[in-house]
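Undergrad: Once you've had a glance at the structure underneath, I'll fire off some questions.
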Amino acid sequence: MQTDQLEIRPMSGCSESVRREAALVFIDGFYRELSFLSPDRDRLADAFAPMINPDAFWLAVRGGAVVGILACSDRTKQAIRLDRERMRRSFGLLKSSIAYRVMKGEFEKGRLHPEGTGYIECVATSSASRRQGVASRLLDHVLQHAPYRRYVLDLMDTNEPARRLYAKKGFVETRRVKEPFGGIKGFKERVYMEKTALDPARK
């Protein structure tokens, strides 16, 4: 199937089964980082699905299945609301404690920006739907329909395809910051980009 058969919709109000589908796409997209907790994708999805905030996510749906996700958080809402106790029950005390400390900062970045700013994060596509323009369609839709006057994001310097995509959509690189323990994490710098909404009436 082609990307013109995609439907982009907000996740808000979705069923629990759709939330788990979105969680599986999230795991698919960030498996390298999350596999530290468990190599079992279903186990990871069961743990993270209840922590997904539907009010922050948009879904790409094709043939009734979720094939892509994108979150736009802000100072009032997080994309992933970490549950320390759920993580402990799912992955044990040691692993969950380490992951919670690392992820907490990552999933609170939207709160650091002023009112009217949307923080783009958790962009992921299912393995079977990659290189088909799914992320591009999601981003176009969110930039057109989300109620922000400014958008910001950050990504690893090794993720050149994503950087090119964002640049194509009008995002401008504003700075690069050396990543602590970059040798362990697999990248050297974090790249920050931003874009101003075309509609000046947005607040």
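The values are calculated or read from the model by the stated rules, or taken from the named source; none is laboratory data. Since we're looking at a predicted model, the values are computed, not measured. Heads up, the Cβs are rebuilt from the backbone with ideal geometry, glycines too, and the neighbour counts pull from every protein chain shown. Surface areas here come from the heavy atoms of the whole protein model, side chains and all, with no ligands, DNA or RNA. Shrake-Rupley method; radii C 1.70, N 1.55, O 1.52, S 1.80 Å.
Undergrad: Against the conditions (1) touching a residue at least 12 places away in the same chain (Cβ under 8 Å); (2) surrounded by fewer than 22 Cβ atoms within 10 Å (Cβ to Cβ); (3) closer than 15 Å to Glu121 by Cβ, where does Glu16 fall short? Just the number, please.
TA: For Glu16, the failing item is (3).
Undergrad: For the range 27-44, enumerate the residues that are under 18 Å from the mean Cα position of the chain (by Cα), surrounded by fewer than 17 Cβ atoms within 10 Å (Cβ to Cβ) and acidic (Asp, Glu). Spell out how you get there, then give the answer.
TA: Our first condition is that a residue be under 18 Å from the mean Cα position of the chain (by Cα); within the range 27-44, this holds for 27-35, 41, 44.
Still in the running and surrounded by fewer than 17 Cβ atoms within 10 Å (Cβ to Cβ): 30-33, 35, 41.
Selection gives Glu33 alone.
Undergrad: Tally up the residues in the range 36-68 that are more than 23 Å from Glu108 (Cβ to Cβ), outside any helix (DSSP H, G or I) and not hydrophobic (A, V, I, L, M, F, W, C), please.
TA: 7
Undergrad: OK, next. Going through the range 35-71 one residue at a time, which ones are among the basic types (Lys, Arg) and closer than 18 Å to Ser97 by Cα? Talk me through it step by step, then tell me what you get.
TA: First pass over the range 35-71, keeping only residues among the basic types (Lys, Arg): 41, 43, 62.
Within the range 35-71, Arg43 is the sole residue that qualifies.
Undergrad: May I pose another question? Which of (1) under 15 Å from Thr125 (Cα atoms); (2) among the hydrophobic types (A, V, I, L, M, F, W, C); (3) at pLDDT 95 or above is the odd one out, the single condition Leu37 does not satisfy?
TA: (1)
Undergrad: Just one of Ala56, Ala47 is under 16 Å from Glu121 (Cα atoms) and either open to solvent by less than 70 Å² (accessible area, probe 1.4 Å) or touching a helix residue (DSSP H, G or I) at 6+ places or on another chain (Cβ under 6 Å) (or both); which is it?
TA: Only one candidate passes the filter, namely Ala56.
Undergrad: Taking strands (runs of 3 or more DSSP E) that do not extend beyond the range 91-203, which have at least 3 residues that are open to solvent by less than 50 Å² (accessible area, probe 1.4 Å) and hydroxyl-bearing (Ser, Thr, Tyr)? Break it down stepwise before answering.
TA: On the way: elements: 117-125, 150-156, 172-178, 189-196.
Strands (runs of 3 or more DSSP E) meeting the threshold: 117-125.
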